[in-house]
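S.K.: My questions will all concern the structure given below.
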Amino acid sequence: MTKPLSPTAKQTRQKIMNTFWELYKDGGIEKTSVTKICELTGYNRSTFYTYFTDVYDVLDEIEKDVISFDKFKSVIFSNIIGHDKKEVPLRVFIDFYEENNDYLVVLLGEHGDPSFRQKTIKKLAPGVFSLLGITNTEDKYLNYLIEYQSSAVLSTITKWYQNGKDIPCDELITLLYNITTNGVQHEFIQYKKSL
C-alpha cells in the first residue's frame with residue numbers, strides 16, 4: 001500500500017503535473033522533457049523522480065484522473081439511468097466533456113496520445129454493459145458496436161471543440177442522436193434533400 005503524501009508533497013507533485021501539461025499542450029510528448037519540467041518548476045531531477053519514472057508516467061497519471069471509472073460512474077452513468085429521453089446520454093457526455101475539455105481536447109486531438117481514445121472506450125464499456133444489463137462482456141459483436149459508437153461520438157465532440165463549437169450544442173446533440181438512431185447514410189440523404 002502506498003503511503004499518503006504530505007500536503008507539501010502533494011503540492012510538489014501537482015506542480016510537476018501542471019508544468020508537464022503546459023508543455024504537453026504546446027508540443028506533445030516529444031517536446032516534453034524531464035529537463036524542461038525541472039527548469040520551469042525549479043525542482044531538481046531527483047525531485048521529479050521521487051514522484052514519476054518519466055514523462056510518460058506523468059501523462060499516464062493525468063489520463064487516469066481524467067478517465068477514472070469512478071468519475072464516469074458518478075458523472076455520466078448515474079445521470080443517464082432513469083431518463084426516458086434518448087438524447088440524455090449524449091447531453092450528459094457532452095457535459096462531462098465540457099467539464100474536462102482542457103484535457104480531452106488535447107488528449108483526443110491530433111497531437112494527443114493515440115492510445116487515449118482506446119483507454120477511454122475501455123473505461124466506458126463496463127458502464128455501457130451494465131446500463132444495458134449485459135453480462136457477456138466478451139461478445140465480439142457487441143464490443144464492435146461499442147467501439148464504433150464510442151469512437152464516433154468522441155471524435156465528433158472533439159472536432160466540435162476544435163472548431164470552436166461552431167454549431168449550438170443542441171444541434172450537435174440532435175445530429176449525434178439522429179446518426180445513432182438512423183445511421184449516417186440516412187442523415188446524408190436528409191441533408192441532400194434539404195439543399
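S.K.: Can you compute 3J(HN,Hα) from phi for each residue in the stretch 114-124, using the Karplus curve 6.51 cos²θ - 1.76 cosθ + 1.60 with θ = phi - 60°, rounded to whole Hz and x for Gly and Pro?
M.R.: Per residue, the Karplus-derived 3J(HN,Hα) values read x, 8, 5, 4, 5, 4, 5, 4, 4, 6, 6 Hz.
S.K.: Something else now. To the nearest 0.05, what FRET efficiency results for GLN118 and LYS193 with a Förster distance of 45 Å applied to their C-beta separation? Each step should come with its number before you reach the end.
M.R.: Details: r = 37 Å, r/R0 = 0.82.
Plugging the Cβ-Cβ distance into 1/(1 + (r/R0)^6) gives 0.75.
S.K.: Now a separate question. How much of the accessible area of the chain, probe 1.4 Å, is carbon plus sulfur, in whole percent?
M.R.: That share works out to 54 percent.
S.K.: Same structure again: Just going by the charge dipole of the chain, with Lys and Arg at +1 and Asp and Glu at -1 on Cβ, which of TYR144, GLY112, TYR43 is farthest out on the positive end?
M.R.: It is TYR43, whose Cα lies furthest towards the positive end.
S.K.: Another one. Rounded to the nearest 500, what is the 222 nm mean residue ellipticity of the chain from helices alone, with -39500 (n - 2.57) per DSSP H run of 4+ residues and division by all residues?
M.R.: That calculation yields -21500 deg cm²/dmol at 222 nm.
S.K.: Right, here's the next one. Once you charge only the Cβ atoms, +1 for Lys and Arg and -1 for Asp and Glu, what is the size of the charge dipole of the chain about its Cα centre, to the nearest 20 debye?
M.R.: Dipole size: approximately 200 debye.
S.K.: Something else now. Please give the length that would be gained between ASN182 and GLN11 if that part of the chain were fully extended, namely 0.36 nm times their separation in residues minus their C-alpha to C-alpha distance (nm, one decimal).
M.R.: 56.6 nm
S.K.: Where in the stretch 46-70 is the amide nitrogen less than 20 Å from a point lying 7 Å along the Cα-to-Cβ axis of GLU98?
M.R.: 66-67
S.K.: If you don't mind, another one. Step through the residues of the stretch 61-68 one at a time and calculate ³J(HN,Hα) from phi using the Karplus curve (6.51 cos²θ - 1.76 cosθ + 1.60, θ = phi - 60°), rounding each to whole Hz and writing x for Gly and Pro.
M.R.: With the stated coefficients, the stretch 61-68 comes to 5, 5, 4, 4, 5, 5, 10, 5 Hz.
S.K.: Among the listed pairs LYS31/LYS119; LYS140/LYS192; LYS36/LYS165, give every one whose C-alpha distance is greater than 26 Å.
M.R.: LYS140/LYS192; LYS36/LYS165
S.K.: Here's a follow-up. Taking the Cα centre as origin and putting +1 on Lys and Arg beta-carbons and -1 on Asp and Glu beta-carbons, what dipole magnitude results for the stretch 99-186, to the nearest 20 debye?
M.R.: 200 debye
S.K.: Still on this structure, I have one more. Might you work out the accessible area of SER33 for me, using a 1.4 Å probe with all protein chains in place, and round it to the nearest 10 Å²?
M.R.: The value for SER33 is about 50 Å².
The values are calculated or read from the model by the stated rules, or taken from the named source; none is laboratory data. All of these numbers come straight from a predicted model, not from anything done at the bench. Because the Cβ atoms are built from the backbone with ideal geometry, glycine has one as well, and the counts that use them run over all protein chains shown. Only protein heavy atoms, including side chains, enter the accessible area calculation; ligands, DNA and RNA are left aside. Shrake-Rupley method; radii C 1.70, N 1.55, O 1.52, S 1.80 Å.
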